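Enquirer: Please read through the structure below; I'll follow up with questions.
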Amino acid sequence: MAGLEDLYREIILDHYRSPRNRGELPTPPAVRVEGFNPLCGDEIVLYLDVENGSVRDVKISGQGCSISQSSASMMTAAIKGKDIAEVRGLIRSFKSMMTIHEAQLEPDGARDEPAALVDPDSFGELAALQGVVKFPVRIKCATLSWNTLVQALDELETKAMNSDS
Amino acid sequence: MATVASPAFDVETIKSDFPLLDRVQAGRKIVFLDSAASSQRPRSVLNAMDDYYQTTHANVHRGVYAIAEEATRRYEEARLLAGRLINAPDPAREIIFTKNVTEAYNLVAYSWGRKNLHDGDVIVLTETEHHANLVPWLMLQEERKITIRYIAMDDDYRLDLSDIEAVVDGAKLVSVTAASNVLGTITDLEPITRAAHRAGALVMADGAQLVPHRRVDVQALDVDLLGYTGHKLMGPTGIGVLWARAEILEEMPPFLGGGEMISDVRLDGFSTTDIPWKFEAGTPPIAEAVGLGAAITYLESIGIDNIAAHEQSLTNYAIRSLQERFDEIEIFGPGADAERRGGVISFRFGDIHPHDVAQVLDEHAVCVRAGHHCAKPLMRRLGVNATTRASLYLYNDEHDIDALVAGLEGVRKMFS
Ligand SMILES: Cc1ncc(COP(=O)(O)O)c(C=O)c1O
């Protein structure tokens, strides 16, 4: 059985206690997108400012549990300054890390070490969130900010397309 | 450490009636403090359902052979038990089995609501309702221009009845929780029914959190409709109960259509059968009714007043223990020794998120609920997204509360 130390790694608790990039950004130029976790009622607000195809600034506000807050905090640290293609790639890798593969769930419900789906080295601190997979109900907490980020990127793309035409 | 209750009431013996409570998790016996979400069930309920399937199962109200008649008899006996539990005047006709109490309220909103509520009509709910007694009415409001007024919660976590006369004035229905699944508050129904009836409104009470824990007498309470749900009363999932006075049910059009609920069907129409079957289309939850009957029998063998007394003293013990030990705790509900207070204890634990609280408690084999408890408007009123909730039942004792306190020490350590 997975222990709590798999979930609450020290890095996660650190981001929870002192979250990075909390706050708001003026809109425009930033876009503002809200994300909800219907399970626990958590809400986060993401402000994303993209200029010349890269993330100039990003901020998070709202409330949530330690997992959603630290995941959001690590996410902002990971994407700041990156270009959009890189950010999209990171989202894909993160989501695949957060996918439970049925083969990894033992029939008796035991939660096994998930196979390494992505190279944790390329992930830096985010790899600490890998343990969340062993607590399936908490996966939604970890992915909340990432899904909100996808929404923000999509919104920016739609805007760009509309202003091009 | 002995729990104060009547001598006939022995928690150790009661605990041993519940097989699930023997479960060991990470070397510890489970501490189950989530009965407000769903209770556990005693062996006698499991045996009754097993026995039913092994010896008696056949569809009800259909076959003429012996086991079909016996199945029908067991199903209808459960109806009588479900009605007598709440002192329904005419249990054989006034008790409708549904799949849960949510379906019961949908039935009322759909059937009674569509017949009786038209543009401009008013109903009254409270801001403390479970979504089950809220969303069906909001759905009706999407279809018709009905007005929904809400009785507010006051700062003592009770319904503010100071201007109840005005709130219910002109209403056709007042539908209120009889006991809150978040606050533990037990509603003082008397002023509500008095004002509502004077205004000509019917009163429906959501008994989901009251019937399993306190003596409920629909005649003494003077309510017109009341619902409760089997799985919170030591019965199985898949069965709920709607009680309403026969004259109300008789006037209501059917809810679901199909077999069982008709007296005649032609290709150009149908006529419905008598109550209660008019509202029980299709094959009903027979084994579940048998299980619910066994649960009621078990509950009565222990005695509802004994259960209430035990829960009351344990609730006081829990609130005191939590408040003495933790400065950072804020309990959303009436305090220790408050009157009309059930064993549901929702709280904020410093600024630690309920999910994190519940996760660490799980490591201590303590099962509590974290979330909005299907009462999002109430969460907004309390100014939180979610709470942690510990809820008590007859099989809990002071050791369980001590385990909760020890678990919370662990939570504090982890996140400080
Ligand atoms: C007060 C209250 N009403 C209604 C319900 C709905 O019960 P069920 O899910 O069995 O329909 C619940 C339980 O969640 C409840 O606590």
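The values are calculated or read from the model by the stated rules, or taken from the named source; none is laboratory data. Just so we're clear, the structure is a prediction, and the values are computed from it rather than from any experiment. Using ideal geometry, Cβ is built from the backbone for each residue, glycine included, and neighbour counts are taken over all protein chains shown. Quick note on the areas: whole protein, heavy atoms, side chains included, nothing else; ligands and nucleic acids left out. Shrake-Rupley method; radii C 1.70, N 1.55, O 1.52, S 1.80 Å.
Enquirer: Subtracting the Cα-Cα distance from 0.36 nm times the residue separation, let me have the gained length for B:THR297 to B:SER263 in nm, one decimal. Walk me through the intermediate numbers first.
Expert: On the way: separation 34, 0.36 × 34 = 12.24 nm, distance 3.28 nm.
Length gained, B:THR297 through B:SER263: 9.0 nm.
Enquirer: Here's something else I'd like to know. Straight distance only, please: which aspartates and glutamates reach the Cα of A:LYS134 with their own Cα at less than 13 Å, same-chain residues fewer than 8 apart left out?
Expert: Within the straight-line limit of under 13 Å, A:LYS134 reaches these aspartates and glutamates: A:GLU5, A:ASP6, A:GLU102, A:GLU106, A:ASP112, A:GLU113.
Enquirer: Continuing with this model, one more query. Straight-line reach from B:LYS29: which lysines have Cα under 21 Å away, leaving out those fewer than 8 places along the same chain?
Expert: Of all the lysines, those that pass the test against B:LYS29 - Cα under 21 Å, at least 8 places apart if same chain - are B:LYS15.
Enquirer: Using only Cα atoms, locate the centre of the range B:223-247 and the centre of the range B:400-416, then give the distance between them in Å, rounded to an integer.
Expert: Centre-to-centre (Cα) distance: 36 Å.
Enquirer: Next question. Sequence-distant or interchain residues sharing an amide H contact under 5 Å with B:MET153, placed H: which?
Expert: It is B:GLU127, B:ASP160, by chain and number.
Enquirer: Long-range amide H contacts for B:ILE146: which residues qualify at under 5 Å (H placed 1.01 Å from N, peptide plane, sequence gap of 5 or more or a different chain)?
Expert: B:GLY120
Enquirer: Sequence gap at least 6, Cα distance under 8 Å: using those rules, report the relative contact order of the range B:46-300 to the nearest whole percent.
Expert: 24
Enquirer: Which helices, taking whole DSSP H runs in chain B, have alpha carbons extending 18 angstrom or more along the helix axis plus mean Kyte-Doolittle at least -1.0? It would help to have the intermediate numbers written out before the result.
Expert: Details: long enough: B:66-84 (27 Å, -0.70); B:286-302 (24 Å, 1.29); B:304-325 (31 Å, -0.63); B:398-415 (26 Å, 0.13).
The answer, listed by residue number, is B:66-84, B:286-302, B:304-325, B:398-415.
Enquirer: Express the carbon and sulfur contribution to the solvent-accessible surface of the protein assembly as shown as a percent, rounded to the nearest whole number, probe 1.4 angstrom. Display every interim value, and only then the final one.
Expert: Working: 12200 of 24120 Å².
The value for the protein assembly as shown is 51 percent carbon and sulfur by accessible area.
Enquirer: Further question: Could you pull out the pairs from B:LYS115/B:LYS172; A:LYS140/B:LYS376; B:LYS99/B:LYS172; B:LYS145/B:LYS172 whose alpha carbons sit more than 21 Å apart here?
Expert: Numbers: B:LYS115/B:LYS172 12 Å; A:LYS140/B:LYS376 19 Å; B:LYS99/B:LYS172 26 Å; B:LYS145/B:LYS172 14 Å.
Over 21 Å apart, Cα to Cα: B:LYS99/B:LYS172.
Enquirer: Just B:GLU363, B:GLU324, B:GLU94 to compare: in a GNM of chain B, with alpha carbon springs under 10 Å, which one fluctuates most?
Expert: B:GLU324
Enquirer: OK, next. Label-point separation (nm) for B:ALA336 and B:MET139, each offset 7 Å from Cα along Cα-to-Cβ?
Expert: It is 4.4 nm.
Enquirer: Continuing with the same structure: Given the options B:LEU382, B:LEU85, B:LEU226, state which has the largest fluctuation in a GNM of chain B using a 10 Å cut-off (strictly under) for Cα springs.
Expert: Most flexible of the set in this elastic network: B:LEU382.
Enquirer: Please check the range B:321-361 for residues whose accessible area, probe 1.4 Å, is lower by 30 Å² or more when all protein chains are in place than in their chain alone.
Expert: Residues shielded by partner chains are B:HIS353, B:HIS355, B:ASP356, B:GLN359.
Enquirer: Among the residues of the range A:2-51, which ones have their accessible area go down by 40 Å² or more when all the protein chains sit together, as opposed to their chain alone (1.4 Å probe)?
Expert: Listed in order, they are A:LEU4, A:TYR8, A:TYR16, A:ARG17, A:CYS40, A:GLY41.
Enquirer: Something else about it: At 1.567 mPa s and 4 °C, plugging the Kirkwood radius over alpha-carbon pairs of the protein assembly as shown into Stokes-Einstein gives what diffusion coefficient in µm²/s?
Expert: Numbers: Rh = 26.3 Å.
Rounded, D is 49 µm²/s.
Enquirer: Now for a different question. Note down the net charge around B:VAL122, summing +1 for each Lys or Arg and -1 for each Asp or Glu among other residues with Cβ under 10 Å from its Cβ.
Expert: Numbers: positive: B:ARG149, B:LYS172; negative: B:ASP121, B:ASP169.
With Lys, Arg at +1 and Asp, Glu at -1, the net is 0.
Enquirer: While we're on this one: As a test question: what accessible area, to the nearest 10 Å², does B:HIS399 have when a 1.4 Å probe is rolled over all protein chains in place?
Expert: About 110 Å², ignoring ligands and nucleic acids.
Enquirer: I would also like to ask the following. Tally Lys/Arg at +1 and Asp/Glu at -1 over every other residue whose Cβ is under 13 Å from the Cβ of B:LEU202; what's the total? Show your work: numbers first, answer last.
Expert: Details: positive: B:LYS115, B:LYS172, B:ARG198, B:ARG245; negative: B:ASP121, B:ASP222, B:ASP224, B:GLU247, B:GLU251.
Local charge sum for B:LEU202: -1.
Enquirer: Which percent, to the nearest 5, of DSSP beta bridges fully inside the protein assembly as shown are antiparallel? Could you put the intermediate results ahead of the total?
Expert: On the way: 47 of 67 bridges.
Restricted to the protein assembly as shown, the bridges split so that about 70 percent are antiparallel.
Enquirer: Let me ask something else about it. Mind grabbing the accessible area of B:ASP160 for me, 1.4 Å probe, Å², rounded to tens?
Expert: 60
Enquirer: How big is the B/A interface in buried accessible area, both sides summed, 1.4 Å probe, to the nearest 100 Å²?
Expert: Details: alone 17210 and 8550 Å², together 24120 Å².
Interface area, both chains combined: 1600 Å², rounded to the nearest 100.
Enquirer: List the aspartates and glutamates whose Cα lies under 14 Å from the Cα of B:LYS278, skipping any in the same chain that are fewer than 8 positions away.
Expert: In chain and number order, the partners are B:GLU94, B:GLU247, B:GLU250, B:GLU251, B:GLU260, B:ASP264.
Enquirer: Using the Kirkwood radius over Cα pairs, work out the Stokes-Einstein diffusion coefficient for chain B at 25 °C and 0.890 mPa s, in µm²/s as a whole number.
Expert: It diffuses with D of about 110 µm²/s by this estimate.
Enquirer: Okay, helix-only estimate at 222 nm for chain B: each DSSP H run of n ≥ 4 adds -39500 (n - 2.57), divide by all residues, round to 500 deg cm²/dmol; what do you get? Before the final figure, lay out the partial values.
Expert: Values: 16 runs with 157 residues, N = 416.
Calculated mean residue ellipticity at 222 nm is -11000 deg cm²/dmol.
Enquirer: Tally Lys and Arg at +1 and Asp and Glu at -1 over the other residues with C-beta under 11 Å from the C-beta of A:GLY23: what net charge comes out?
Expert: Details: positive: A:ARG20, A:ARG22, A:LYS59; negative: A:GLU24, A:ASP57.
Residues close to A:GLY23 contribute a combined charge of +1.
Enquirer: Per residue, what accessible area does the range B:210-344 have, given a 1.4 Å probe and all protein chains present, in Å²?
Expert: Numbers: 5180 Å² over 135 residues.
It amounts to 38 Å² per residue over the range B:210-344.
Enquirer: Checking the a/c ratio against 1.5 first, then a/b against b/c, what shape does the Cα gyration tensor give for the range B:93-189?
Expert: Details: a/c = 1.92, a/b = 1.20, b/c = 1.59.
Cα axes put the range B:93-189 in the oblate bin.
Enquirer: To continue, here is another question. Taking beta carbons within 10 Å but only from partner chains, what does the mean come to for residues A:57-66?
Expert: Working: counts 0, 0, 0, 0, 0, 1, 5, 5, 11, 7.
For peptide A:57-66, the averaged partner shielding equals 3.
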